[in-house]
């Protein structure tokens, strides 16, 4: 278990692949994640990539000003309906595009994204892949 923001930073920035893997797979308390987000904004995308990060932190990161962070959230499989909807309405087309390729995105949201001229081709391709 990751016990502090400093530990997460050390693991994530380590040259040791085993330590980087720990940063991706080990859980941390919600307070640790909040501290990482507050103290180390450059690591917010990596917080979103952690396999155990709680929904409460994903909700926070889904509203992040950086579209790269929101894009990482859009790829998470464990999103709830409210997060899928919020990300489907994201102002950044890159975030919405990442949501299209999330295997857990509800079909009705894919259909809605298919009406977006910037994303129609991707959404149609994804819906065809889902139908196969």
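Here, each number is a calculation from the coordinates, and none is a lab measurement. Remember, it's a predicted structure, so these values are computed and weren't measured experimentally. Here the Cβ is made from the backbone with ideal geometry for all residues, glycine too, and neighbour counts use every protein chain on show.
Observations
- The lone exception for residue 57 - which of (1) outside any helix (DSSP H, G or I); (2) more than 17 Å from residue 96 (Cα to Cα) it fails: (1)
- Residue count for the range 18-54, restricted to those that are touching a strand residue (DSSP E or B) at 6+ places or on another chain (Cβ under 9 Å), under 10 Å from residue 8 (Cβ atoms) and in a loop (DSSP other than H, G, I, E, B): 2
- Residues of the range 67-97 satisfying the condition of being within 9 Å of the chain's Cα centre (by Cα) and buried (at least 20 other Cβ atoms within 10 Å of the Cβ): 69, 70, 71, 72, 73, 74, 76, 79
- Annotation note: Cβ proximity below 6 Å between a residue of the range 109-131 that is without any contact (Cβ under 8 Å) to a residue 40 or more places away in the chain and at negative phi and a residue that is assigned to a loop (DSSP other than H, G, I, E, B) and surrounded by 15 or more Cβ atoms within 10 Å (Cβ to Cβ) (sequence gap 6+ or interchain) occurs for 113/119; 120/114; 123/114; 124/114.
- Selection within the range 97-107 - within 16 Å of residue 48 (Cα to Cα) and in a helix (DSSP H, G or I): 98, 99
Residue by residue, here is whether (1) closer than 18 Å to residue 26 by Cα; (2) touching a helix residue (DSSP H, G or I) at 6+ places or on another chain (Cβ under 8 Å) holds:
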{"residue": "41", "(1), (2)": "no, no"}
{"residue": "62", "(1), (2)": "no, yes"}
{"residue": "76", "(1), (2)": "yes, yes"}
{"residue": "86", "(1), (2)": "no, yes"}
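- Counted residues, the range 65-96 - those being part of a loop (DSSP other than H, G, I, E, B) and farther than 19 Å from residue 51 by Cα: 6
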